[in-house]
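The values are calculated or read from the model by the stated rules, or taken from the named source; none is laboratory data. Quantities reported herein were computed from a predicted structural model and do not represent experimental measurements. Here the Cβ is made from the backbone with ideal geometry for all residues, glycine too, and neighbour counts use every protein chain on show. Calculation scope for accessible area: heavy atoms of the full protein, side chains included, ligands and nucleic acids excluded. Shrake-Rupley method; radii C 1.70, N 1.55, O 1.52, S 1.80 Å.
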Amino acid sequence: MLYYDWQQLNYYHTNPDYRRLNLKTYVIDRTNYDLQAARNFKWEVRGDISYGENRLSITYFREDITSGFRTATYYQPMSYRKYDATGLDPDAITAPPKLEYLPYTDVTAFGSYGMASNATRLFKEGVEYQFTSKRIPALRTRITIDGAWFRTLYSESEPYWYRPTVNLGGQGVPYVGYYSDPDGSRKISFNTRFMFDTYLPRLKLGFSAAIECMWLYRSWSLRRTGIPDEYMDLEGVRHPFNVDEARNDMYLQWLIITYPESNFNERIEEPFNVGMNLKVTKKFFKERIQLALFVDHLFSYKHEYRGLNGVLVRQMSEMPYFGMEINFNL
């Protein structure tokens with residue numbers, strides 16, 4: 001339950017015994033009895049080819065959920081009284097003011113609250129790939145290439161209510177808009193890792209070098225009209241929204257949301273970058289102890305790019321990180 005309080009009177013006096021606070025409380029049941037378990041539909045296709053000791057595998061998958069959980073905002077007209085205590089003489093009163101003797105104004109306003117709903121959509125598709133070569137005898141090296149391409153859509157899946165927060169002559173907009181253009185975004189990414197694994201059995205020594213490349217990582221917001229399908233007044237009545245009439249109305253015009261065109265431009269989340277990691281492994285005492293030394297970001301490069309409003313962004317390369325691992329197999 002949600003207890004929504006409206007302040008009807010807040011009379012302050014230097015004598016604490018003469019102060020009075022009066023609230024009108026609405027009790028709202030925020031239980032969504034139509035809420036359902038989120039369902040996810042996913043399928044994938046996998047291909048695997050082997051030739052000699054070489055192996056190539058490719059997986060394509062698609063995943064779609066339209067009933068994910070989200071806290072949606074709802075509005076409810078609520079009525080209360082606004083008492084006026086400005087006419088009281090603080091030096092003449094001997095008790096807290098009584099409401100029945102105070103003038104008041106009837107007020108109706110929107111109260112907002114959140115409620116869980118099945119209003120989230122998440123769509124993902126992608127291709128994952130891996131190639132593993134046979135170990136080259138002369139170099140005792142095996143090459144592995146893996147990576148993925150992903151495309152993701154994240155958005156609302158149901159219409160939503162929205163009330164602009166503007167002050168018009170001491171009061172807000174007496175309407176709430178009902179919109180069907182979802183707020184959401186799309187992302188695309190593509191990465192590859194090249195792994196070179198070398199093992200010298202006589203020395204019980206292994207070397208591995210990994211080169212990781214992020215080729216592409218972009219995102220952009222879904223285009224939105226900002227025009228509601230309907231609107232609700234303070235009596236709780238819903239009306240169809242007419243754009244031409246609304247543009248000339250003092251209050252309805254604020255329900256038309258204007259988005260800058262730059263909001264829908266493609267954004268670079270991460271530019272092309274490449275990094276190299278190195279690891280050396282040595283086995284001791286009949287392979288019961290394994291010591292590994294590694295260096296992350298031995299080499300890294302991040303390409304400069306143009307951000308919002310054409311600003312040139314240059315990123316510093318990451319500093320190398322050194323570490324050691326010891327494993328015991330007793």
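Tell me, which longest segment in the chain has none of the GluC sites (Glu not before Pro) that fall in DSSP loops with at most 11 further Cβ atoms within 10 Å? Here the longest run is 54-234. For Tyr4 and Glu100, a Förster radius of 25 Å and the Cβ-Cβ distance give a FRET efficiency of 0.55, rounded to the nearest 0.05.
Couplings 3J(HN,Hα) for the range 96-111, derived from phi with the Karplus relation 6.51 cos²θ - 1.76 cosθ + 1.60 (θ = phi - 60°), are x, x, 8, 5, 5, 9, 9, x, 8, 10, 6, 10, 10, 9, 8, x Hz, where x marks Gly and Pro. A dipole drawn for the chain from +1 and -1 charges on Cβ atoms has a positive end, and of Pro240, Gly68, Thr192 the residue lying farthest that way is Thr192. At what distance in angstrom do the alpha carbon centres of the range 234-286 and the range 57-136 lie from each other? Taking the Cα centre of the range 57-136 as reference, the centre of the range 234-286 is 19 Å away. Rolling a 1.4 Å probe over the protein heavy atoms leaves Ile256 with an accessible area of roughly 30 Å². The amide H of Gly111, built 1.01 Å from its N in the peptide plane, has Gln76, Met78 as neighbours under 5 Å, considering only residues 5 or more places off or on other chains.
Each Lys and Arg contributes +1 and each Asp and Glu -1, all at the Cβ; summed about the Cα centre of the chain, the dipole is approximately 2440 debye. Answer rounded, prolate or oblate for the range 142-231, using the Cα gyration tensor with square roots of eigenvalues a ≥ b ≥ c: rounded when a/c is under 1.5, else prolate when a/b is larger than b/c, else oblate. Judged from the Cα gyration tensor, the range 142-231 comes out prolate (a/c at least 1.5, a/b above b/c). Within straight-line reach of Lys124, meaning a Cα separation under 24 Å, sit the following lysines at least 8 residues removed in sequence or on another chain: Lys42, Lys187. Placing dummy labels 7 Å off each Cα toward the beta-carbon, the span from Ile136 to Gln253 is 7.1 nm.
Mind listing P(r) for the range 22-73? All alpha-carbon pairs, 10 Å bins, whole percents. All Cα pairs considered, the percentages come to 15, 24, 19, 15, 12, 8, 4, 2, 0.
Please report the base-10 log of the normalised intensity I(q)/I(0) for the range 175-222, using a Debye sum with one equal scatterer per alpha carbon and no solvent, at each q in 0.22, 0.25, 0.33 (1/Å). Debye output, listed in q order: -0.86, -0.93, -1.10. Residue separation of Trp215 and Leu153 scaled by 0.36 nm, minus their Cα-Cα distance, works out to 20.4 nm of gained length. Calculated from the alpha-carbon coordinates, the chain shows an Rg and a Dmax of 32.2, 105 Å respectively.
Each of Asn263, Ser50, Ser219 was placed along the dipole of the chain (beta-carbon charges, centred on the mean Cα), and the one lying farthest toward the positive end is Ser50.
Based on Cα contacts under 8 Å between residues 6+ apart, the chain shows a relative contact order of 12 percent. Taken about its Cα centre, the range 143-267 carries a charge dipole of roughly 1040 debye when the Cβ of each Lys and Arg holds +1 and the Cβ of each Asp and Glu holds -1.
The slack in the chain from Arg314 to Thr14, taken as 0.36 nm per residue of separation less the alpha-carbon distance, amounts to 101.9 nm. Listed values for the range 116-129 are Karplus-derived 3J(HN,Hα) couplings in whole Hz (6.51 cos²θ - 1.76 cosθ + 1.60, θ = phi - 60°), namely 5, 8, 8, 10, 10, 10, 9, 10, 9, 9, x, 10, 10, 9, and x replaces Gly and Pro. Taking Lys and Arg as +1 and Asp and Glu as -1, the other residues whose beta-carbon sits under 14 Å from that of Gly323 total -1. Kirkwood analysis of the range 17-123, using all unique Cα-Cα pairs, places the hydrodynamic radius at 20.4 Å. Ranked from largest, the principal axis spans of the Cα set of the range 218-322 equal 84, 36, 16 Å.
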